[in-house]
Amino acid sequence: MSKHWNPAFSAADFEIEEDTVICESFYQMREVKLRHQRFEGGKIELTRDLFWRPDAVCVLLYDPTHDVVVLIEQFRIGTIDHPRSPWLLELVAGLVEPEETIEDVARRESLEEAGATISQLEHISRFTPSPGGAREYVDLYCGCVNSDGLGGVHGLEGEGEDIKVHLFPVDTAIAMLKTGDVDNAAAIIAIQWLQLNHTTIKEKWSVDTV
């Protein structure tokens, strides 16, 4: 039995008839008309609005020596109707610029948003957070850091960033998934990954940093 799932169709099984940019700003909004194969034969025609975002990188900063994770708090426009607050606890993150590797982004954003220097990176996954209407792929990492001296407020003023750094014991971070204090996709996936791989990555990085 194959270890991989094979989808019924591929990129060859749909055709874009029109792709129109209807809004050009920091991001793009497009109207896409297309046809694609149906599971039971024939084709279906669709018109969809598509929110187009560049690829992004998110990093869960983890200190194996003190067994803590570093999360950041900042205002998020996408949660202005959040029942508690539009200030969320998140991972450090950023968009991939031209000619920049995803590892470069991870290290740059960790410095800019948390003042943290990453010594090692572990790739967790690559996923699309909202495929029903947004084109975006996220590379998710865990980054090894020394949390001594971390804290305070960071971010680039020119980009409107106002970011507060928090340190949490791993058990506390895991518990915050159940309480809903951490409720965004990238942070949930990364902290659950750390919960599953905690012993392994702690031992690996503790040895490597001796």
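The table below gives the values:
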| item | result |
| --- | --- |
| Filter result for ALA185 (under 21 Å from the mean Cα position of the chain (by Cα), more than 25 Å from GLY94 (Cα to Cα) and of a type outside the set (D, E, K, R)) | no |
| Residues of region 145-180 satisfying the condition of being of a type in the set (Asp, Glu) and open to solvent by 60 Å² or more (accessible area, probe 1.4 Å) | ASP148, GLU157, GLU159, ASP162, ASP171 |
| Subset tally (residues that are more than 12 Å from the chain's Cα centre (by Cα) and either among the hydrophobic types (A, V, I, L, M, F, W, C) or surrounded by 12 or more Cβ atoms within 10 Å (Cβ to Cβ) (or both)) for region 128-144 | 4 |
| Pairs with Cβ under 8 Å, 6+ apart, first in region 160-182 and over 21 Å from VAL145 (Cα atoms), second surrounded by 12 or more Cβ atoms within 10 Å (Cβ to Cβ) and among the polar types (S, T, N, Q) | GLU161/GLN74; ASP162/GLN74; LEU177/GLN192 |
| Residue that is of a type in the set (Val, Ile, Thr), over 26 Å from GLY94 (Cα atoms) and out of contact with any Leu (no Cβ under 9 Å at 6 or more places or on another chain), where the choices are THR47, THR20 | THR20 |
| Verdict on SER125 being at pLDDT 95 or above, part of a loop (DSSP other than H, G, I, E, B), open to solvent by less than 50 Å² (accessible area, probe 1.4 Å) and among the hydroxyl-bearing types (Ser, Thr, Tyr) | no |
| SER110 vs. criteria touching a Gly at 6+ places or on another chain (Cβ under 7 Å) and of a type in the set (S, T, N, Q) | yes |
| Criterion: in a helix (DSSP H, G or I), closer than 26 Å to HIS82 by Cα and of a type in the set (A, V, I, L, M, F, W, C) - qualifying residue of ILE201, ILE174 | ILE174 |
| Residue count, region 69-121 (criterion: within 13 Å of VAL57 (Cα to Cα) and in contact with a helix residue (DSSP H, G or I) (Cβ under 9 Å, 6 or more places away or on another chain)) | 10 |
| Strands (runs of 3 or more DSSP E) completely within region 4-110 that count 1 or more residues being under 26 Å from LEU194 (Cα atoms) and open to solvent by 70 Å² or more (accessible area, probe 1.4 Å) | 68-75, 87-90 |
| Boolean, THR79 is over 27 Å from GLU18 (Cβ atoms) and hydroxyl-bearing (Ser, Thr, Tyr) | yes |
| Some residue of region 158-171 being in contact with a Cys (Cβ under 9 Å, 6 or more places away or on another chain) and either at pLDDT below 95 or part of a loop (DSSP other than H, G, I, E, B) (or both) | no |
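The values are calculated or read from the model by the stated rules, or taken from the named source; none is laboratory data. All values derive from a computational prediction rather than experimental measurement. Every residue, glycine as well, gets a Cβ built from its backbone with ideal geometry; the counts of neighbours run over all protein chains shown. Side chains included, ligands, DNA and RNA excluded: accessible areas come from the protein's heavy atoms. Shrake-Rupley method; radii C 1.70, N 1.55, O 1.52, S 1.80 Å.
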